């Protein structure tokens, strides 16, 4: 399974009552379907998965599967704190037609989550999963980092095919790809280092920013693949600045606001996250305006 | 509501199939009922709450309420990532007869959890809760710390009556108690600093260690209250060393193992946590043996 | 050697040209001599020691020795990054009549400063030193923490008699005092936890705040020793709030400004530290005013 | 001034008595002179500068200037904690013929080193310096990070021409180069991300690893510049693994040991650093052996 390309980490739109809006979610997917995005990540961190009920997660998985165009690869975020729950979610995603599972590290009891815990956990999930598994390390949210020795050990499992690394550490990508045998694929989760990661051998990226700027993120990837390095670097710089303001600093409320600006259905985040202040909205509007020609404000 | 005294953070025993064992849970509570523990904390971090299903959480709340002796205060851990889910859990605990709710900080989207997020979240929960609310900051698991300015602001809410601080920062206790008006009560979650916290004005402690050594933890509290400071300090030293090995380093698997040693129903933790290695068991057995006279190995 | 009591970490006054002012330094010491301070720490972190030339350090050591009243214990900060330089400074302080050396951890090459490095370093210094040595851990500046196992190992050296711990971790004090054999003495460097540290068995405190508020810091110690716990706790709370604003947040520029307010010779810090802004001065003036009766603004 | 290329961060060899060995230092430089290294960094972190006396630093600067081949650019590490001392060192390096100064961040009083402190410090140094200044951020040693907004502000100073970033954050390089106007040059200090940094627009690298493997580090740079990306990536992977073991984990003792293995004069580090254990030597010998063909063990 070739994971190369750009995937948006899909957001979850809520209606006026705060419930999941399947209609808005489909609206977004139908527009994304018209781009060269490689596929979709459903129920990732950007999808507010930790704020959703089991029932809502089921509805989102079903809706995305229905709305995604046939050629788009479908990855489901299935990581829970408990190994058993992670396996249950992974099997459910597989049965709904998802092609791979993105399994974030457990993280709550971090003082006792020694490397052996991660090895045992991921092997149990990969053994039980009907579909390929990707490791997922996102230290800015979890406070834990999947280190290179564990990644290399896990890369030998036949059902673990790659990793999403949201740490922004290009060094990790270099180290892992230097150490693995064979086909293990790295995807970066940091829009600020897509080009450096590709230069290090990464296969692509899973980006919150791609929910708001899918074409720009795809263009970045394609410029690099077409060896147009100067243009790639220039666009990388612009996207890094936008990503810092929108994704790193403003978070999901920021991503959703920019989606609204660009004709997608972003909307408000779920509490405890707060909508952006007017001040933050103005700052973000300014930053993102610089990303596109005056006449091309719609996606 | 006077919170003073020692509370164990109850563990969750599982049966041979890995399911919640109400029988073992009651066994523990019946023994705790015979001590001078002030009450019980149900579904705290030590209770593996983040590894439990909604159904299991309900069963545990019901069982603890049934098994607890009448005089024991009952505190329910009700904090979830989402504000709405936290409120729902808090209302359910209240309806089951719990006297207060212990609400840990949301923590996943920590880059955007600015102080305003915590103020809004806790006020919403406290407004909606039929029972008093305690703030709960546990940075070793969550990676976030509730800071003094937010605590002071929240202490003014009439339905927020205190805080469990598991950071081990006695400075926080000093600062908060110097800054609050009136009756806000601090409970430490760190067995290593019970005496210093009491000296700083804390009302008591909620301790994982008290699940394995309830009498020792109660004795520590009583020695201090009876102004037997030298004996209190000596016992504090011993409990600090035991707590470091058992709670901080070995975590829930360590606490459960010592419970087994002392005639309680500890058992295995749920995956991804792993049972202790034989080596770790031997080390812990040695440490805890030093806590009690040779003839008194049962609680 | 009994270290009990309160020591100010002396500041270094500079004249209008930015040179060390022996005159101002003596002015401060002459006033401190009239208090019940146990002694003085010369060339500590608060003394801007890392910003001084060798010649300046020599002048400060000589001046403090001359100006200190006979009964005051004299401790010299002698820790340098290199072991050899630390030994040289320690010998020099001893030859000038200092009674003990306060040796902060080396810290620059922290990735390779494993426990064995600290054990070897401190043993070499203690072996070579003509005067007793105190360990000094100050993670807020150095980024490294001396951990309990190393402290306990070093406490067995006959010439290592105690430790200044500026981490604010009362847990460390509890652990160390529970683990040492015999006479090892702990001094806290955190004004916010003097009472809890004394309750944990500490011998006293070395405080930047005592350079500005020597009587208040001494009073705190004496109230505790006289078993006036309620009054001690009340004063502890006030000093904790002042220390947070003045020492933790404003740093040496803050301490020096409050010294100026109270009739000592504080003055400006050396660059790269910047003098306080007018805004910060106003805030600090307000905080510290609350510490004393209206009529008693001079020390 | 074009900084492009690879620079070794020179080590400081000591003789049997622990004194600086000018002879050994020249031996190394004479060999380096025969490579395509762009120049030398003298008195950097790798040079154990924080463990040297003023007199030793002077001797090292003089010796390097004498021994360096004419075409090699000479950069002097001149950062001290104090602004005045930094300026004095910078002027001295300039007077000795050094072409640029590498000025690491002050770091000891980090709680009060707000952005304004760094702006004021660096501007004062750059104003006073007769030679161009490079910022130097090395958080693994200092515990502080120069952030993008400060870097961008400082990049506007006419005498600040670039930065060495040893954090390994390729994101920083992307952000800075996207934000600066004109000619500001980034050099990475992390051997693990040379290729990704070049892909992000960096001009080159200053590497401890280049003291032991100058040809390999130069080859990496040249492969990239010659657009031989696959070979560059492959060599990058090998050097990343070697750098992790030798530089990140074993530190200066590791770098010096590998220098010894390869015919340079490495020798022992100065205390408190300890020489490598036999176990560590064996592990490193194995790692570095994999870097070169069996017959080519001399540099």
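Points to keep in mind about this one:
- Residue check, residue A:291 at the interface with another protein chain (Cβ under 10 Å from one of its Cβ atoms), in a loop (DSSP other than H, G, I, E, B) and surrounded by fewer than 21 Cβ atoms within 10 Å (Cβ to Cβ): no
- Within the span defined as region D:156-171, one or more residues are within 11 Å of another protein chain (Cβ to nearest Cβ), in contact with a helix residue (DSSP H, G or I) (Cβ under 6 Å, 6 or more places away or on another chain) and without any contact (Cβ under 8 Å) to a residue 24 or more places away in the chain.
- Which listed residue, of C:178, C:200, C:191, is free of Cβ contacts under 8 Å to residues at least 12 places away in the same chain and either facing chain B (nearest Cβ under 10 Å) or surrounded by fewer than 24 Cβ atoms within 10 Å (Cβ to Cβ) (or both): C:178
- Test set (1) more than 22 Å from residue D:141 (Cβ to Cβ); (2) under 14 Å from the mean Cα position of the chain (by Cα); (3) crowded, with 24+ Cβ neighbours inside 10 Å - residue D:28 fails condition number: (2)
- Qualifying residue in region C:145-154 (condition: surrounded by fewer than 20 Cβ atoms within 10 Å (Cβ to Cβ), more than 13 Å from chain B (Cβ to nearest Cβ) and out of contact with any helix residue (DSSP H, G or I) (no Cβ under 7 Å at 6 or more places or on another chain)): no
- Some residue of region C:51-68 being out of contact with any strand residue (DSSP E or B) (no Cβ under 6 Å at 6 or more places or on another chain), in a helix (DSSP H, G or I), closer than 30 Å to residue C:179 by Cβ and within 14 Å of another protein chain (Cβ to nearest Cβ): no
- In region B:69-87, residue surrounded by the most Cβ atoms within 10 Å (Cβ to Cβ) [restricted to those that are within 13 Å of chain A (Cβ to nearest Cβ) and more than 18 Å from residue B:208 (Cβ to Cβ)]: B:86
- Residue A:184 being in contact with a strand residue (DSSP E or B) (Cβ under 9 Å, 6 or more places away or on another chain) and closer than 20 Å to residue A:146 by Cα: yes
- The set of residues in region C:88-112 being facing another protein chain (nearest Cβ under 9 Å), part of a helix (DSSP H, G or I) and surrounded by 16 or more Cβ atoms within 10 Å (Cβ to Cβ) consists of C:110, C:112.
- Annotation note: of A:267, A:263, the sole residue that is in contact with a strand residue (DSSP E or B) (Cβ under 9 Å, 6 or more places away or on another chain) and more than 14 Å from chain D (Cβ to nearest Cβ) is A:267.
- Each residue in region A:217-229 was checked for being over 19 Å from residue A:168 (Cα atoms) and either part of a helix (DSSP H, G or I) or in contact with a helix residue (DSSP H, G or I) (Cβ under 7 Å, 6 or more places away or on another chain) (or both), and 5 pass.
- Condition check for residue D:282: over 30 Å from residue A:229 (Cβ atoms), modelled with pLDDT under 95 and either surrounded by fewer than 20 Cβ atoms within 10 Å (Cβ to Cβ) or within 14 Å of chain A (Cβ to nearest Cβ) (or both): no
- Condition check for residue C:23: assigned to a helix (DSSP H, G or I), more than 15 Å from residue C:101 (Cβ to Cβ) and out of contact with any strand residue (DSSP E or B) (no Cβ under 7 Å at 6 or more places or on another chain): yes
- Meets criteria (surrounded by 22 or more Cβ atoms within 10 Å (Cβ to Cβ), within 12 Å of chain D (Cβ to nearest Cβ) and within 16 Å of the chain's Cα centre (by Cα)) for residue A:211: no
- Only one of the listed residues (D:59, D:84) is without any contact (Cβ under 8 Å) to a residue 24 or more places away in the chain and under 28 Å from residue C:83 (Cβ atoms). That residue is D:84.
- Residue check for residue B:228: surrounded by fewer than 23 Cβ atoms within 10 Å (Cβ to Cβ) and within 14 Å of another protein chain (Cβ to nearest Cβ): yes
- The sole residue among A:191, A:212, A:205 that is at pLDDT 95 or above and out of contact with any strand residue (DSSP E or B) (no Cβ under 7 Å at 6 or more places or on another chain) is A:212.
- Subset of region B:94-127 (residues that are touching a residue at least 40 places away in the same chain (Cβ under 8 Å) and in contact with a strand residue (DSSP E or B) (Cβ under 9 Å, 6 or more places away or on another chain)): B:98, B:99, B:100, B:102, B:104, B:105, B:125
- Any hit, region A:113-122, residues being assigned to a loop (DSSP other than H, G, I, E, B) and crowded, with 23+ Cβ neighbours inside 10 Å: no
- Residue list for region D:123-141, filter: facing chain C (nearest Cβ under 10 Å) and in a loop (DSSP other than H, G, I, E, B): D:138
- Residues that are in contact (Cβ under 8 Å) with a residue 60 or more places away in the chain, closer than 29 Å to residue C:82 by Cα, away from chain A (no Cβ under 14 Å) and outside any strand (DSSP E or B) do not occur anywhere in region D:238-250.
- Index of the failed condition, residue C:35 passing every other in (1) outside any loop (DSSP other than H, G, I, E, B); (2) more than 14 Å from every other protein chain (Cβ to nearest Cβ); (3) farther than 27 Å from residue D:106 by Cβ: (1)
The values are calculated or read from the model by the stated rules, or taken from the named source; none is laboratory data. Computed from a prediction, not measured in an experiment: that's the story for all the values here. Every residue, glycine as well, gets a Cβ built from its backbone with ideal geometry; the counts of neighbours run over all protein chains shown.
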